[in-house]
Amino acid sequence: MAVLLAAANAGSFAAAAKTLFLTPSAVSQQVAALERDVGVKLFERSRSGVRLTVAGQILRRHAEVVLNRLADARAEVDSLVSGETGRVVLGSFPTATAGFAAAAVAVFRLQHPHVEVRLVDGEPADSVRRLTNRELDLAVVFDLPSWPAYRTYEGRDVAGPTDIEYLDLCADPFLVMLPREHPLAAKPALAIVDLRGERITGSSNGCAPWGEDLRRLCAEAGFEAWLEPLYTSDDFQAQQALVAAGLGLSLLPALAAISARDDICLRPLRTGPVRRVRVAFRAEAFRSAAATALVAVLDSLAGPAVQLAL
């Protein structure tokens, strides 16, 4: 089955042989044996390579499930045998990495010196994609009521709602970014109604990921949010520059407040959008003892990191 998948992905027996460290003849023999076993042709051969028949496509789907379950079984047995040794690959989005995830890795390494930890930075949808591809064991992600963690900022879903399981870490409220000379800067905290008539800047895709939630909250308060389409950026530093230049207000999650510029001010937004920071796993995947221990460290540091930023 591993040979079947490799040949299907590579498009030729020779290319599959290289990835499997086998000879092309060995790959061909494995495929022939599998075809004899199932009693049907699995590949169409041509000068340009090979491709799966309809029967091969069916078997490929089942092969992926079987091999994934074998990988989970192997990981569970390895964890049982090795105890405190092993390897954990953690994904994290930038503001969580800066706020608490990097510190959590450092604490975990002190507590479990024989476990190798790898940290892979990426936005939530990047981490979800890596989880489904089995490149990560767990990931720190965030979502909002109108924006799931598996959705890219361009609005494309990289997984389904049931493909990932979550454990909550903390709530990460958004703050309002204002120029220091803005009249609203005199208030210690803002309400949604204070944003009436204010130009709001954010990402080019409707201020994703928080734009839809802000739009809904403004509508509930009786006015339409002014999401400015002319001045946009996906980068927090660039958004701060737009605010400092007087081109609009914007929102910044509390975990990102540590990087705030001196020429802007941040104000809490009562009943504003809130990111839910969570740990994500592949649904029904085995969770090693090391991964569970790392979650405990992340949980102990995430909430205090948000409170410190506030």
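Just so it is clear, none of the values below were taken in a lab; they were calculated from the coordinates. Everything numeric here is computed off the predicted structure, so don't read it as measured data. All Cβ positions, even for glycine, are placed from backbone atoms using ideal geometry, and neighbour counts span all protein chains on display.
Can you tell me the FRET efficiency between Ala103 and Ser259 if r is taken as the Cβ-Cβ distance and R0 is 22 Å, rounded to the nearest 0.05? Each step should come with its number before you reach the end.
On the way: r = 16 Å, r/R0 = 0.72.
The formula returns an efficiency of 0.85 here.
Name the shape class, rounded, prolate or oblate, that the alpha-carbon gyration tensor gives for region 172-274, where a ≥ b ≥ c are the square roots of its eigenvalues, rounded holds for a/c under 1.5, and otherwise prolate holds if a/b is larger than b/c and oblate otherwise. All intermediate terms of the calculation are to be shown ahead of the outcome.
Values: a/c = 1.35, a/b = 1.15, b/c = 1.18.
In terms of gyration-tensor shape, rounded.
Please give the FRET efficiency for Ala171 paired with Val38, using the beta carbon to beta carbon distance and R0 = 45 Å, rounded to the nearest 0.05. Intermediate values should be presented prior to the final figure.
Values: r = 52 Å, r/R0 = 1.16.
Efficiency, from the Cβ-Cβ distance: 0.30.
Starting from the Cα of Ser233, move 7 Å in the Cα-to-Cβ direction to define the label point; list residues of region 180-204 whose amide nitrogen is under 19 Å from there.
Inside the label zone: 180-182, 199-204.
Which of rounded, prolate, oblate describes region 2-80, given a ≥ b ≥ c as roots of the alpha-carbon gyration tensor eigenvalues and a/c under 1.5 marking rounded, otherwise prolate only if a/b is larger than b/c? Could you put the intermediate results ahead of the total?
On the way: a/c = 2.24, a/b = 1.59, b/c = 1.41.
Verdict is prolate for region 2-80.
Take every DSSP beta bridge whose two residues both sit in region 156-310, then give the antiparallel share in percent to the nearest 5. Numbers along the way, then the final one.
On the way: 18 of 24 bridges.
Antiparallel bridges: around 75 percent, rounded to the nearest 5.
For Thr53 and Glu154, compute 0.36 nm times the residue count separating them, minus their Cα-Cα distance, and round to one decimal in nm.
On the way: separation 101, 0.36 × 101 = 36.36 nm, distance 3.46 nm.
Going from the current span to full extension adds 32.9 nm.
Percent antiparallel among DSSP beta bridges with both residues in region 1-131, to the nearest 5?
Counting DSSP beta bridges with both partners in region 1-131, the antiparallel share is about 35 percent.
Using DSSP to define loop residues, name the trypsin sites (Lys or Arg not before Pro) in region 1-72 whose beta-carbon has at most 10 other beta-carbon atoms within 10 Å. Write down the numbers at each step before the final one.
Values: sites: Lys18, Arg36, Lys41, Arg45, Arg47, Arg51, Arg60, Arg61, Arg69; in loops: Lys41, Arg47.
Passing sites in region 1-72 are Arg47.
Within 10 Å, count the other beta carbons around each residue, average over each peptide in 187-195, 87-95, and list them highest first. Don't skip to the answer; put the middle values down first.
On the way: 187-195: 15.3, 87-95: 22.4.
Packing proxy ranking, top to bottom: 87-95, 187-195.
Enumerate the whole-percent occupancy of each 10 Å bin, from 0 to the last occupied one, for all C-alpha pair distances of the chain.
Histogramming the chain at 10 Å steps yields 6, 22, 24, 19, 15, 10, 4, 1 percent.
Just from its helices, what would the mean residue ellipticity at 222 nm be for the chain, if runs of 4 or more DSSP H residues each count -39500 (n - 2.57) and the sum is divided by every residue, rounded to the nearest 500 deg cm²/dmol?
On the way: 9 runs with 120 residues, N = 310.
Only helices count here, giving -12500 deg cm²/dmol.
Thr162 to Ala245: extension gain in nm, 0.36 nm per residue of separation minus the Cα-Cα distance? Can you show the working numbers first?
Working: separation 83, 0.36 × 83 = 29.88 nm, distance 4.31 nm.
Result for the pair: 25.6 nm of gain on full extension.
How much length would be gained if the chain were fully extended between Glu198 and Asp299, taking 0.36 nm per residue of separation minus their Cα-Cα distance, in nm to one decimal?
Extra length from Glu198 to Asp299 when fully extended: 32.7 nm.
Using DSSP, restrict attention to beta bridges with both residues in the chain and report what percent are antiparallel, rounded to the nearest 5. It would help to have the intermediate numbers written out before the result.
Details: 29 of 45 bridges.
In the chain, DSSP labels about 65 percent of beta bridges as antiparallel.
Please list, by residue number, every one of the GluC sites (Glu not before Pro) in region 181-251 that is coil in DSSP and has at most 14 other beta-carbon atoms within 10 Å. Provide the component values of the computation, followed by the final result.
Details: sites: Glu181, Glu198, Glu212, Glu220, Glu224; in loops: Glu181, Glu198, Glu224.
Answer in residue order: Glu181, Glu224.
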